[in-house]
Amino acid sequence: MPTTEQLLSMYERMLLIRRMEERLSADYAAGKLPGAVHLYIGQEAVAVGVCAQLTDRDWITSTHRGHGHFLAKGGDPKAMMAEIWGKRTGICRGMGGSMHVADLSKGILGANGIVAGGIAIATGAAFGARLDGDGRVAVAFFGDGAANQGVFMETLNVSTLWGLPVVFLCEYNHFCEFTPSETVTAGQISDRARAFGMPCAVVDGNDVVEVWRAAGEAVERARGGGGPSFIEAKTYRIQGHLEAEAVILDGKYREEAEIEEWRRRDPIDRLREHLSAAGACDDDGFAEIESRVSGAVEEAAAFAAEGEPADPELAFDLMFVGQRP
Amino acid sequence: MAELTYRGAVAHGIAQEMERDDRVYFIGEDVAAAGGVFKTTGGLLERFGPERVRDTPISEEAIVGLVMGAAMTGLRPIGELMFSDFLATCWDIVANQIAKTRYMTDGQVELPLVLRTANGGGLRFGAQHSQSLENWAMAIPGLKVVAPSTPTDVVGLLAASVRDPDPVVFFEHKGLYAAKEDVPEGEIVDELGTAKIRREGDDLTIVALAAMVPRALEAAELLAAEHGISATVIDVRSLVPLDTRTILDSVRHTTRLATVEENPRLCGWGAEIVSIVAEECIWSLDGPVVRITTPHIPLPSASALEDLAIPSVNKIVESVTKMMV
Ligand SMILES: Cc1ncc(C[n+]2csc(CCOP(=O)(O)OP(=O)(O)O)c2C)c(N)n1
């Protein structure tokens, strides 16, 4: 069981992700954000529960829905916000945008625009860690939709064969864009990993403690030379696939009642209730956390808004190392 | 005549062919129930049913393989790759299998299939969702390559592609989906390998493709009004087969040539056209040719940088006035 201090810290991180993304949603609606913005609202317990078991030296790869992973792994909210706004003060100086936030200094190898694009990269980072023998671990976050890409099978095989320190973290959030996952997924995704003899866990992805515990076991196994593990976290994407969804879709692919039902299982509310019941935090304490978080969000939004647009010179300077084309 | 958007023309064109030939069917991600993420395929599921219009898992290799195998055995399938960038995730089947199988089997099989895909930039989607990849497809012997610039051409060239006995990669431009035009009533069938002269002029030939066509036309108006330069604008429409006659005839008349390409500069399709002009009619030229292209860089996500990279109306006017002195 995590300590009270660990629980409070996870609570604050989950709340930070939630409030940052609520802000992004509002900013998108106000026409301030360029491009495609995919929000993680409802899934915060997964990123936070897993990353609480990692250090800055461990690696993660993420997806198009990457803000939560970035913040959970210790990425800077200001630099992330500015990146999404396309500013030169962004973590990638505006070259990547929402789908490509990365911070190598925090072990964040990057969000990814290609579904399943990060799975093999994390496996490669684990390969490097194995060769270096430095005890680092890599976690590949990916969606249930990504599990239908061939590269998933290839990496399950090679990582098991070579005993690589990688954790495959599948977030089953019930949708592949606008298509319900069960209509495009045969069998249980965990059975695919089981077929390779890989240790598997299927957890309630809206219960941060359950995620934390399963991730702890998998990370410990990887660090100790026990090879890869697979975790499937059952969760739900509360927001649309992307913020432009209402404009894109004519019909609807899910019922409001279903969303409501999952709102009642909100991972942040659940942790809050748990902390209250355990007497670990009272209303004043929660208010204090809320105000710290909203301060951080305000600061990030102001930082993003004030930043200069991306630098045109960079478009060429970045092409090759130390050499302009 | 009825007004149709470029996006509406896609469903219109597919429906025209599915109505005519029950061997035509259509698969892709989010294409059926959701009607396509670019709203290009709405209504097809309702009209033709779930056997002929199907949502697939996020498995591009499977999509392209299914289309190929079905085409080899007598169907005339259309497959969608949501973004052309995802061609990279199934390139083996496109480049090694589809492009070569008829040839290697001494023509025992035919591959009457169409791969439709949303190509091009301008939407701030970042480097993995904005590429102009027509030159990738053009580089593989065995693929026909089509890229319409108007709603009428979407319908007519799509029909020609479906009816063609060979595999066609059909690049729609996502920046053009909102474009509107009056489209003739009744069946529309165009011809592959034919370019179209969109504007007649005497001083120079501008050759453009897809989203660069409306920009070249706008530039041509400015060149006439402000600089007294009279330009012919040719819409290439089909890169393979290529209508060299229309281009060469025009260059012989105007004696000057500029290409406007959205693809990154190296090995862009314009280089091929320039080399054909050099071989066939270099003595007709009265000055150096100019290729106006996106620089050889991945597309940055920040708005200002993306705009700077992709050829704009101003850039075309500027480059042409410079070359015409
Ligand atoms: C190779 C590839 N195919 C398709 C897409 C388009 N696309 C973006 S997100 C998405 C759905 C992904 O579903 P999942 O992996 O379950 O992640 P989620 O969006 O649910 O977080 C799709 C189809 C893509 N980006 N890359």
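Rounded to the nearest 0.05, what FRET efficiency is calculated for A:Asp134 and A:Arg264 with R0 set to 45 Å and r the Cβ-Cβ distance? Don't jump to the answer; show the numbers that get you there.
Working: r = 44 Å, r/R0 = 0.97.
About 0.55, to the nearest 0.05.
When the solvent-accessible surface of protein heavy atoms is calculated with a 1.4 angstrom probe, in what order do B:Lys144, A:Lys32 fall, highest first? Walk me through the intermediate numbers first.
Working: B:Lys144 45, A:Lys32 100 Å².
Heavy-atom accessible area, descending, gives A:Lys32, B:Lys144.
Per residue and in Å³, how big is the convex hull formed by the alpha-carbon atoms of the range A:169-325? Each step should come with its number before you reach the end.
On the way: hull volume 39.9 nm³, N = 157.
Per residue, the Cα convex hull of the range A:169-325 comes to 254 Å³.
Determine the order of B:Tyr103, A:Tyr40, A:Tyr172 by accessible area, beginning with the largest, at a probe radius of 1.4 Å.
B:Tyr103, A:Tyr172, A:Tyr40
Which value, in Å² and to the nearest 10, is the accessible area of A:Arg194 when all protein chains are kept and the probe is 1.4 Å?
Solvent-accessible area, nearest 10 Å²: 110 Å².
On a 0 to 90 degree scale, rounded to 10, what angle separates helix B:212-227 from the longest Cα axis of chain B?
Between helix and principal axis, roughly 20 degrees.
How much space per residue, in cubic angstrom, does the convex hull of the C-alpha atoms of chain A take up?
On the way: hull volume 46.4 nm³, N = 325.
Value for chain A: 143 Å³ per residue.
Using the basic label-point model (7 angstrom from Cα toward the beta carbon), what is the A:Glu308 to B:Asn96 distance in nanometres?
It works out to 4.8 nm between the two label points.
Which entries in the list A:Lys78/A:Lys234; A:Lys73/A:Lys234; A:Lys78/A:Lys106; B:Lys39/B:Lys196 go over 18 Å, if you measure between the two C-alpha atoms of each? Working shown, then result.
Values: A:Lys78/A:Lys234 30 Å; A:Lys73/A:Lys234 20 Å; A:Lys78/A:Lys106 15 Å; B:Lys39/B:Lys196 27 Å.
The pairs that break the limit, which is 18 Å between Cα atoms, are A:Lys78/A:Lys234; A:Lys73/A:Lys234; B:Lys39/B:Lys196.
Report, as a whole number in µm² per second, the diffusion coefficient that Stokes-Einstein gives for the protein assembly as shown at 4 °C and 1.567 mPa s using the Kirkwood radius over alpha carbon pairs.
Numbers: Rh = 26.3 Å.
Diffusion coefficient, whole number: 49 µm²/s.
Count charges around A:Arg93 for me, please; just the other residues with Cβ under 9 Å from its Cβ, Lys/Arg as +1, Asp/Glu as -1.
Working: positive: A:Lys87, A:Arg88; negative: A:Glu83, A:Asp311.
Its environment carries a net charge of 0.
Mind checking which aspartates and glutamates have their Cα closer than 14 Å to the Cα of B:Lys180? Skip sequence neighbours fewer than 8 apart in that chain.
B:Glu3, B:Asp153
Tally Lys/Arg at +1 and Asp/Glu at -1 over every other residue whose Cβ is under 15 Å from the Cβ of A:Val48; what's the total? Write down the numbers at each step before the final one.
Numbers: positive: A:Arg13, A:Arg18, A:Arg19, A:Arg65, A:Lys73, A:Lys106, A:Arg213, A:Arg270, A:Arg272; negative: A:Glu5, A:Glu12, A:Glu21, A:Glu44, A:Asp58, A:Glu171, A:Asp204, A:Asp207, A:Glu210, A:Asp266, A:Asp269.
So the surrounding residues net to -2.
Per DSSP H run of at least 4 residues, take -39500 (n - 2.57); add these up for chain A, divide by its residues and hand me the 222 nm value, nearest 500 deg cm²/dmol.
Values: 13 runs with 150 residues, N = 325.
So the calculated ellipticity at 222 nm is -14000 deg cm²/dmol.
Per residue of the range A:29-41, what does 6.51 cos²θ - 1.76 cosθ + 1.60 with θ = phi - 60° give for ³J(HN,Hα)? Whole Hz please, x for Gly and Pro, Karplus curve as stated.
Using θ = phi - 60°, the values come out as 4, 7, x, 8, 10, x, x, 9, 10, 10, 9, 9, 3 Hz.
Determine the equivalent ellipsoid of chain B by diagonalising the alpha-carbon gyration tensor, then write out the semi-axes as square roots of 5 times the eigenvalues, largest first, rounded to whole Å. Spell out each step's value before the answer.
Working: eigenvalues 220, 84, 73 Å².
Value: 33, 21, 19 Å, ordered largest first.
Net charge around B:Glu29, counting only other residues with Cβ within less than 13 Å of its Cβ (Lys, Arg = +1; Asp, Glu = -1)? Provide the component values of the computation, followed by the final result.
Numbers: positive: B:Arg54, B:Arg116; negative: A:Glu177, B:Asp30, B:Asp55, B:Glu60, B:Glu61, B:Glu80.
Neighbourhood net charge equals -4.
Given the DSSP H assignment, sum -39500 (n - 2.57) over each helix run of at least 4 residues in chain B and divide by its residue total; what's the result at 222 nm in deg cm²/dmol, nearest 500?
Working: 11 runs with 113 residues, N = 325.
Result for chain B: -10500 deg cm²/dmol, rounded to the nearest 500.
Could you check the spin-label model distance between B:Asp22 and A:Glu298? Points 7 Å from the Cα along Cα→Cβ, value in nm.
For the pair B:Asp22/A:Glu298, the computed spacing is 6.7 nm.
The values are calculated or read from the model by the stated rules, or taken from the named source; none is laboratory data. Here the structure is a predicted model, which means the values were calculated and not measured. Positions of Cβ are generated from backbone atoms using ideal geometry, with glycine treated the same way; all protein chains shown enter the neighbour counts. These area figures cover heavy atoms from the full protein model, side chains too; ligands, DNA and RNA do not enter into them. Shrake-Rupley method; radii C 1.70, N 1.55, O 1.52, S 1.80 Å.
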